[in-house]
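Here is the structure we will look at, set down as structure tokens.
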Amino acid sequence: MKKMILGSLLALSIAVPALAHPPITVYVDQQEVVFADQAPVIVDDRTLVPMRKIFEAMDADVTWDEPSQTITSTRGSDVVTMTIGEKQVYKNGKVVYTMDVPAQIMQDRTMVPIRAVAVAFDANVAWDGINYVIDITTDGTTSGNYSKQIHADDGTLLATVSLTYSPLTSNSTAADKINKNIYDQMSQKASVMTVQMETAATAAYTKNPASFQPYYYMGTYQAKGEGSDFASVVLEERTFMGGTETKTLSADTYNMKNSSDAALTDIVTDSEKELETLMEKGFSALIDQNPDAFYSDAKDRLDKNLDEVGFYLDNNAVVFYLNSGIIAPESAGVIAFSVPR
């Protein structure tokens, strides 16, 4: 462990909102599905993917009947059919799912809602709304991720709750304990947020259905800076409950020898006073670099809120961050700088 020197700041960055979502990535049983001709698209908040690729990735045979515009897919003894422009999904002759967005043709490719395909074959599907990743497991299990859509009695989408975790990968008892702890946290948060979003969205929709926009909560846990000594788990949260989307970041760092919580003073030899000075100078440098992005009294706010500064490990650096709304408006996102370990 070593001291951290202000002069060796690696990066001064201000997070800004993305103007467009990243490409959609689809995994089936942890294998990425590559769509060469036509990428997945989002239509009315539903993800559509090329029919043949997704069925074949799920080890299903697929046929297309041009006169009836009907897709038939067979896996084992199960036969699933859907027709262009119709919302019903049939399995062995019975309706098993009603789609919000029907199968349709785009760029000469038959596009089908991915959730309808997964449900028809009793698979699980998880949606990471931050990174735009879809994870399908065909054996009915899940990787610990959580995704739930909440609908009104009339079928209107009220809210979506999604939580995902990219876990620690080392083969150790400590990593196993930490991963289990995070999955337990996810389960608790999923229960709380589902109730909260359902209650709030139902009330808002009932009050003014004409202008209602679906609510959402997206939580992404990600392991960072994993080493033999320490590792961090960062939680990025995005919440929309009408008005403006809010973004928050939180992080926990662990000792990889015994899975216990680790303080910054466990990682570096600086005293608490030295670390406070480092944080104050680091964020002040950001403010001086781009003062228009911060509140006019940002430095006064910083002085009063140094205890709100969080940290996490990322590669060979320590990242210090402040959530939006503390020294800069919500639109500025998370404010952060990093220092080598």
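The values are calculated or read from the model by the stated rules, or taken from the named source; none is laboratory data. Keep in mind that what you see is a predicted model, and the values were worked out from it rather than measured. With ideal geometry, Cβ positions are generated from the backbone for all residues, glycine too; neighbour counts draw on all protein chains shown. Accessible surface is based on the protein model in full, side chains and every heavy atom, while ligands, DNA and RNA are left aside. Shrake-Rupley method; radii C 1.70, N 1.55, O 1.52, S 1.80 Å.
Looking only at residues of segment 289-341 that are hydroxyl-bearing (Ser, Thr, Tyr) and without any contact (Cβ under 8 Å) to a residue 60 or more places away in the chain, we find that the one that is farthest from PHE230 (Cα to Cα) is SER296.
Here's the yes/no breakdown for (1) among the charged types (D, E, K, R); (2) within 23 Å of ALA152 (Cα to Cα):
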position	(1), (2)
SER73	no, no
ASP78	yes, no
THR83	no, no
ILE105	no, no
ARG109	yes, no
PRO113	no, yes
VAL117	no, yes
ASP128	yes, yes
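Check whether at least one residue in segment 76-99 is under 26 Å from the mean Cα position of the chain (by Cα), modelled with pLDDT under 90 and of a type in the set (Asp, Glu), and report yes or no. Looking for residues that are under 26 Å from the mean Cα position of the chain (by Cα), modelled with pLDDT under 90 and of a type in the set (Asp, Glu), one finds none in segment 76-99, hence no. Filtering segment 267-288 to residues that are touching a residue at least 40 places away in the same chain (Cβ under 8 Å) and out of contact with any helix residue (DSSP H, G or I) (no Cβ under 9 Å at 6 or more places or on another chain) leaves ILE267, THR269, GLU274.
Any residue that is at negative phi, assigned to a strand (DSSP E or B) and open to solvent by less than 40 Å² (accessible area, probe 1.4 Å) - is there at least one of those in segment 57-69? The answer is yes, given that some residue of segment 57-69 is at negative phi, assigned to a strand (DSSP E or B) and open to solvent by less than 40 Å² (accessible area, probe 1.4 Å).
Considering the conditions (1) in a strand (DSSP E or B); (2) out of contact with any strand residue (DSSP E or B) (no Cβ under 8 Å at 6 or more places or on another chain), ARG301 is excluded by exactly one of them, (1).
For segment 77-94, residues that are surrounded by fewer than 16 Cβ atoms within 10 Å (Cβ to Cβ) and out of contact with any Phe, Trp or Tyr (no Cβ under 9 Å at 6 or more places or on another chain) total 6. Of the residues making up segment 225-233, at least one is among the aliphatic types (A, V, I, L, M) and open to solvent by less than 20 Å² (accessible area, probe 1.4 Å).
Output the residues belonging to segment 82-94 that are touching a residue at least 24 places away in the same chain (Cβ under 8 Å) and assigned to a strand (DSSP E or B). Selection gives MET82, VAL89, LYS91. Note on segment 299-320: residues that are farther than 14 Å from LEU275 by Cβ, modelled with pLDDT of 95 or more and open to solvent by less than 70 Å² (accessible area, probe 1.4 Å) amount to 4.
List the number of the failed condition for ILE327; all other conditions in (1) within 19 Å of SER250 (Cβ to Cβ); (2) modelled with pLDDT under 95; (3) within 26 Å of the chain's Cα centre (by Cα) hold. Status for ILE327: all satisfied but (2). Restricted to segment 170-183, and to residues that are surrounded by 15 or more Cβ atoms within 10 Å (Cβ to Cβ) and β-branched (Val, Ile, Thr), which residue is farthest from GLY243 (Cα to Cα)? The selected residue is ILE178.
Tell me whether segment 208-221 contains one or more residues that are at pLDDT below 90 and open to solvent by 30 Å² or more (accessible area, probe 1.4 Å). Outline the logic, then answer.
Taking segment 208-221 first, the residues at pLDDT below 90 are none.
There is no residue in segment 208-221 that is at pLDDT below 90 and open to solvent by 30 Å² or more (accessible area, probe 1.4 Å).
Taking the criterion of being over 17 Å from the mean Cα position of the chain (by Cα) and open to solvent by less than 20 Å² (accessible area, probe 1.4 Å), would at least one residue in segment 184-195 satisfy it? Within segment 184-195, none of the residues are over 17 Å from the mean Cα position of the chain (by Cα) and open to solvent by less than 20 Å² (accessible area, probe 1.4 Å). Of all residues in segment 256-281, those satisfying the criterion of being open to solvent by 20 Å² or more (accessible area, probe 1.4 Å) and closer than 29 Å to MET193 by Cα are SER259, SER260, ASP261, ALA263.
Scanning segment 95-139 for residues that are in a strand (DSSP E or B), open to solvent by 50 Å² or more (accessible area, probe 1.4 Å) and of a type in the set (A, V, I, L, M, F, W, C) yields VAL95, VAL96, ILE105.
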